[in-house]
Every structure is written in C-alpha cells, then in structure tokens.
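Please treat every number below as a calculation from the coordinates, not as lab data. The structure displayed is predicted, hence computed values, not measured ones. When we count neighbours, we look across all protein chains shown, and the Cβ atoms used for this are built from the backbone with ideal geometry, even at glycine.
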Amino acid sequence: MPELDIDIGKKLRSLRKSKHMSIEKLAEKASLSAGLISQIERNLNSPTVSTLYKIAGALGTHIGYFFDDNRQGVVVKKNERRVIKLPMSNLTYEMLSPDMDRKMEFLLVRLKPGECDNKEQISHEGEECGIVLEGCMLVKWGDMEYTLEEGDSIYFDSDVPHRYFNVGGIECVSIWAMTPPSF
C-alpha cells in the first residue's frame with residue numbers, strides 16, 4: 001500500500017500565507033508557540049495529532065488537508081489504500097474513503113500493543129463509530145472508559161475529549177467512520 005509522501009511544513013506555510021496570517025497570529029489562535037509553528041513549517045519538528053488538530057482548527061480546515069493528495073473516485077482497492085503514519089504517533093491509518101473531501105470519513109486503524117493514539121485526549125466536531133476487528137482497545141471518552149474486544153463496537157459524540165489505547169498483547173485493528181471528516 002502506498003504511504004503518502006507529504007510535506008506538512010510546506011502545506012502549512014502555504015495555507016497560512018493564503019489566509020494572510022502571520023506565524024504569531026496562528027500560534028495565538030492555536031494556543032501554540034510561534035517557535036513551534038516555525039519549526040513545523042521548516043520541517044524541523046514533527047507535529048503530534050493534537051498539535052495538527054489545533055493548527056487545522058485555527059486555519060479553518062481539518063487535518064486531512066495536510067494529507068490529501070486529491071484522489072477521486074468511488075472504489076478504493078485494497079492495494080491502493082493511502083496509508084498515513086503521523087509523526088510522533090503510534091497509529092497507522094489506512095484510508096478506506098476514496099478521498100478526504102466527503103461528508104463522512106472511513107478508516108482502518110492499526111495500533112501496536114501497549115500504545116495509544118495520542119498523548120492527550122482530543123475533541124473535534126461530529127460523531128464517530130468504530131468496531132474492533134482484532135485485539136483489544138480501551139476507549140477513554142470524557143471521564144468514561146470502555147474496553148472493546150474483537151467484534152465490539154462503539155458510537156460517540158466527538159466533541160467530548162477522547163483517546164484510544166491498545167490494552168492487548170497483539171496489534172489492535174479497528175475500522176472507524178466519522179462525520180464530518182476530521183482527518
């Protein structure tokens with residue numbers, strides 16, 4: 001499967017400049033330091049998932065903007081799925097949707113044993129649902145925790161901070177649908 005060869009820094013700089021926004025203003029809107037934004041733009045620092053969510057929100061887009069390669073279509077062949085591995089993350093996302101410009105997003109997510117999707121809980125607009133195909137996952141949703149085993153599914157509002165952990169001894173494989181797309 002082709003892994004996306006992306007330049008997050010270049011896309012960030014291009015979008016920021018198209019919105020006539022200074023690094024300082026973006027940093028303020030995203031609650032991040034101007035130095036971090038500058039380092040990301042120059043590819044000297046790899047953003048975490050939560051950092052990308054903050055930046056995307058401050059720029060009025062979704063994090064998928066940084067990964068979209070403008071593919072179109074209705075069918076995604078198994079060997080042609082786009083694979084996204086975020087810097088500073090232990091997740092592998094396989095895009096089951098043909099592109100990132102739809103009303104719903106469909107992902108296959110792989111998480112190694114003992115790993116989590118993000119260092120902190122994140123929230124975003126919308127709803128999501130997932131099913132565990134292999135392994136065992138703990139979903140922290142607000143103050144609640146749910147353990148999902150093979151065949152178990154979950155549905156929740158994404159505006160409540162959430163996070164995923166692989167609490168099993170094997171890779172956890174799950175499928176997720178989100179609306180609107182948050183990637």
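Separation between the Val74 and Asp157 pseudo-spin-labels, each 7 Å from Cα along Cα→Cβ, expressed in nm?
3.5
For the pair Ser123 and His20, how long in nm is the line joining their label points, each one 7 Å along Cα→Cβ?
3.3
Estimate the FRET efficiency between Arg42 and Val83 by the formula 1/(1 + (r/R0)^6), using the beta-carbon distance for r and 25 Å for R0, to the nearest 0.05.
Once rounded, the FRET efficiency stands at 0.50.
So for the chain, what percent of the C-alpha to C-alpha distances run longer than 25 Å?
Beyond 25 Å sits 34 percent of the P(r) for the chain.
Between Ile131 and Glu28, what length comes free when the chain is fully extended (0.36 nm per residue of separation minus the Cα-Cα distance, one decimal in nm)?
Value of the extension gain: 33.4 nm.
How are the alpha carbon pair distances in segment 110-183 distributed across 5 Å bins from zero to the largest one, expressed in percent?
4, 18, 29, 28, 18, 4, 0
Kindly write out, for segment 122-132 in residue order, the coupling ³J(HN,Hα) from the Karplus curve 6.51 cos²θ - 1.76 cosθ + 1.60 (θ = phi - 60°), rounded to whole Hz, with x marking Gly and Pro.
10, 9, 7, 4, x, 9, 8, 9, x, 9, 8
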